[in-house]
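Shown next, in structure tokens, is the structure this report addresses.
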Amino acid sequence: MANADKPNSYTAGPDEDGHFGIFGGRYVAETLMPLVLEVEEAYNAARRDPAFIAEFDDLMKNYVGRPSPLYFAERLTKHLGGAKIYFKRDELNHTGAHKINHAIGQILLALRMGRTRIIAETGAGQHGVATATVAARFGLPCTVFMGERDMKRQAPNVFRMKLLGAEVRPVSSGSKTLKDAMNAALRDWVSNVEDTFYIIGTVAGPHPYPAMVRDFQSVIGREAKEQIMEAEGRLPDHLVACIGGGSNAIGLFGPFLDDESVAMTAVEAAGKGLDSGAHAASIAGGRPGVLHGNRTFLLQNDDGQIQEAHSISAGLDYPGIGPEHAWLNSVGRVKYVSATDEEALAAFSLLSRIEGIIPALEPAHALAEVMRAAPRLDSGKIMIMNLCGRGDKDIFTVAEALGVEL
Amino acid sequence: MSGSGKGRIEARFAALAAEGRGGLVTFITAGDPDHQTCAAILAGLAGAGADIIELGMPFSDPMADGPAIEAASVRALAAGASMKRTLDLVSEFRKSDDATPIVLMGYFNPVYAYGIESFLDDAARAGVDGLIIVDLPPEEDAELSGPAAKRDIHFIRLVAPTSGAARLKLLFKDCGGFVYYIAIAGITGASGAAITDTDDAVARLRAETKLPIAVGFGIKTPGDAAAVVRSADAAVVGSAIVQRIAENLDDAGRPRPGLVDKVLDFVGQLAESVRNARG
């Protein structure tokens, strides 16, 4: 056998205890265990219920605005002079990013479970906005935990959440960013087990969250597959997505994982550089550990203390990665690379000027990889990049980085 | 009797039963506020009336802990705490006390990073009697609980108000030392538990296990501790003790003179109240 580790399918996971290989699982306090099991049971029933699926599909179409277009970026393709580049335009979704997909799925589950209060953590604020949006849409009170530092650099999103009626609770512990917001949300959940549903913002956390969020996000990949077949009559050669926790990447990749001809690259945030110590690249610069309910690659010191992540993009600024990604890396199905703050900024500027699309800083990292990879491929090749968020929220950060005073 | 931890926890609960009183379990975080001060507190705890010592393994992301114990972790890590230094504290303590059980409590990642086998070898050598790993539910703890049992280190499980009847059987399987009942669905140091609830809960657990039952989370005052041990075998006090450490630091975070005595005085009050609770 050439490769004993190669699984028959890349889409069979997780196992019934929520493990992808050695990754994933349910590493939570006993107080939360019964809740986590209850969410799993409810989700298993919901995903087989045609009425649940129909309601999700209806909201995707009429509230979110799906399907999002698959757009051929003609000028960028010409500029880079290589593979044909398509964007999956999830930045055109209601609320401006892909996060709304899993927020809708999770709040429908919360309602089905009879929960009356919603909590969420947020980094860039995109998941917080998405959660506040669906909480408003369904009339549930919502508390969003957000690191104080993130609140400063993402002030417009803080205001958006408040407009939507959510309470934004500042988190001042630890690094005051996404991981600390997640600690605070878990603490709140433990303390309000009776009525509260925790809407997690990425493919991380205890099982069933990584699988559940992936399933809701896989609408991206299913649409992209149909759309590329229509546009080109064949599968793409290459998929590219940015990765913090990894929800947009798994959403695009998932439906293609068993299509062997499709190569996939996920782009971590290298911050000021992988050697600088100031980055958010868990696979490139971390090792396996346990945090926030799952075993995965984490940025940590020799003593197992979690380290602060750094990225110009608040949405990638997390010291871990979803467990399914950790597994896809270990079996070699997806290639994990990184892009620095500087490369992301260059990509951000290029796309704004050449295609008239201001991307969020998160997918600007994916674009940085497209800019490296596309010119090396011949013009017959097809690439799809997940343009998972728009850049309106980032203009202040970018202005500051470019030394522009607004 | 030295070296192996076998039997210290059993011996202590047997002695408590013989005396007809409940026990006091005290929690402090290893290395809080610094190594020397922590060693001094540790050395005084048993004399002040602690029957069992829980020593927190500092972690950067203590998700099940409230502000008091999180702050203790932050202080300890800032002062240079590490897993090796935590085990050093236990070894130092064992030089003068071979009877008081020590239970290490914390989160899995620092243990995993140290290496499970080396951690257990070094913990056994240092004189650790038990482990409480907050984020390892029975579904995930096999890789640690089995190897721990081989070294006579008890794997102590947490039971929550939310743990239903079916989970109790799972929780009590291969559980050792004692059962740690979480008095409230919440984080450490949260507002006070309703004591009648813990009486009912303790009765519910007694029907399923012969192990001694300690009750913690939200036990803040000598009165709370006394109320708990009327039905439970021991009361666990953590945040309220750690808070005494925090209150006796100067603006730069250095211990003020008298910190150790103040902490031990409070432990003494807790112990006295626990000793008289059933009297």
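The values are calculated or read from the model by the stated rules, or taken from the named source; none is laboratory data. Nothing here was measured: the structure is a model prediction, and the numbers come from that model. Here Cβ is always computed from backbone atoms with ideal geometry, including for glycine, and neighbour counts include all displayed protein chains. Just the protein is used for accessible areas: all its heavy atoms, side chains included, with ligands, DNA and RNA removed. Shrake-Rupley method; radii C 1.70, N 1.55, O 1.52, S 1.80 Å.
When we screen B:226, B:246, B:214, B:252 for residues that are outside any helix (DSSP H, G or I), of a type outside the set (D, E, K, R), out of contact with any His (no Cβ under 7 Å at 6 or more places or on another chain) and modelled with pLDDT of 95 or more, the only hit is B:214. Of all residues in segment B:88-114, those satisfying the criterion of being in a helix (DSSP H, G or I), open to solvent by less than 10 Å² (accessible area, probe 1.4 Å) and either of a type in the set (Gly, Ala, Ser) or within 12 Å of chain A (Cβ to nearest Cβ) (or both) are B:108, B:109, B:110, B:111.
Among the residues of segment A:372-397 satisfying the criterion of being within 21 Å of the chain's Cα centre (by Cα) and in a helix (DSSP H, G or I), which is modelled with the lowest pLDDT?
Narrowing segment A:372-397 to residues within 21 Å of the chain's Cα centre (by Cα): A:383-395, A:397.
Of the ones still in play, those that are also in a helix (DSSP H, G or I) are A:391-395, A:397.
On the way: A:391: 95, A:392: 90, A:393: 87, A:394: 90, A:395: 92, A:397: 91.
Step by step, filter segment A:372-397, then rank; the result is A:393.
In the set B:135, B:122, B:129, B:141, only one residue is more than 28 Å from residue A:36 (Cβ to Cβ) and either open to solvent by less than 10 Å² (accessible area, probe 1.4 Å) or under 18 Å from the mean Cα position of the chain (by Cα) (or both); that residue is B:129. Checked against (1) buried (at least 18 other Cβ atoms within 10 Å of the Cβ); (2) out of contact with any Lys or Arg (no Cβ under 8 Å at 6 or more places or on another chain); (3) touching a residue at least 12 places away in the same chain (Cβ under 8 Å); (4) not acidic (Asp, Glu), residue B:175 passes all but a single condition, namely (2). Looking only at segment A:163-178, filter to residues that are touching a Phe, Trp or Tyr at 6+ places or on another chain (Cβ under 6 Å) and within 12 Å of chain B (Cβ to nearest Cβ); which one of those is most open to solvent (accessible area, probe 1.4 Å)? The extreme case among them is A:178. Select from segment A:64-98 the residues that are of a type in the set (S, T, N, Q) and in contact (Cβ under 8 Å) with a residue 40 or more places away in the chain and write down the one among them that is least open to solvent (accessible area, probe 1.4 Å). Only one residue fits best here, namely A:68. The set of residues in segment A:4-58 that are in contact with a strand residue (DSSP E or B) (Cβ under 8 Å, 6 or more places away or on another chain), charged (D, E, K, R) and open to solvent by 60 Å² or more (accessible area, probe 1.4 Å) contains only A:17. Number of residues in segment B:213-242 that are farther than 20 Å from residue B:156 by Cα and either open to solvent by 30 Å² or more (accessible area, probe 1.4 Å) or under 16 Å from the mean Cα position of the chain (by Cα) (or both) equals 10. With respect to (1) away from chain A (no Cβ under 14 Å); (2) among the hydrophobic types (A, V, I, L, M, F, W, C); (3) open to solvent by less than 20 Å² (accessible area, probe 1.4 Å); (4) not in a helix (DSSP H, G or I), the lone exception for residue B:64 is condition (1). Considering A:201, A:165, the condition of being under 18 Å from the mean Cα position of the chain (by Cα) and either in a strand (DSSP E or B) or small (Gly, Ala, Ser) (or both) is satisfied by A:201 alone. Among the numbered conditions (1) part of a loop (DSSP other than H, G, I, E, B); (2) modelled with pLDDT under 90, the only one that residue B:197 does not meet is (1).
Here is a check on your reading of the model: is residue A:353 more than 14 Å from the chain's Cα centre (by Cα) and either free of Cβ contacts under 8 Å to residues at least 12 places away in the same chain or crowded, with 24+ Cβ neighbours inside 10 Å (or both)? It is true that residue A:353 is more than 14 Å from the chain's Cα centre (by Cα) and either free of Cβ contacts under 8 Å to residues at least 12 places away in the same chain or crowded, with 24+ Cβ neighbours inside 10 Å (or both).
Could you say which residue among A:31, A:11, A:77 is within 14 Å of another protein chain (Cβ to nearest Cβ), on the phi < 0 side of the Ramachandran plot and among the β-branched types (Val, Ile, Thr)? So that I can check it myself, show each step before the final result.
Details: A:11 fails: within 14 Å of another protein chain (Cβ to nearest Cβ); A:77 fails: within 14 Å of another protein chain (Cβ to nearest Cβ).
When all the criteria are applied, what remains is A:31.
In the set (1) modelled with pLDDT of 95 or more; (2) touching a Gly at 6+ places or on another chain (Cβ under 7 Å), the condition left unmet by residue B:45 is number (2). Here residue A:372 fulfils each of the conditions (1) open to solvent by 10 Å² or more (accessible area, probe 1.4 Å); (2) closer than 28 Å to residue A:296 by Cβ; (3) in contact with a Gly (Cβ under 6 Å, 6 or more places away or on another chain) apart from (3). The condition (being of a type in the set (A, V, I, L, M, F, W, C), in contact (Cβ under 8 Å) with a residue 40 or more places away in the chain and open to solvent by 10 Å² or more (accessible area, probe 1.4 Å)) is satisfied by just one residue among B:249, B:259: B:249. Summed over segment A:263-282, the residues that are outside any loop (DSSP other than H, G, I, E, B) and farther than 21 Å from residue B:110 by Cβ give a count of 9. Scanning segment B:123-161 for residues that are within 14 Å of another protein chain (Cβ to nearest Cβ) and among the basic types (Lys, Arg) gives a single hit, B:157.
Scanning segment A:282-300 for residues that are facing another protein chain (nearest Cβ under 7 Å) and hydrophobic (A, V, I, L, M, F, W, C) gives A:290, A:291.
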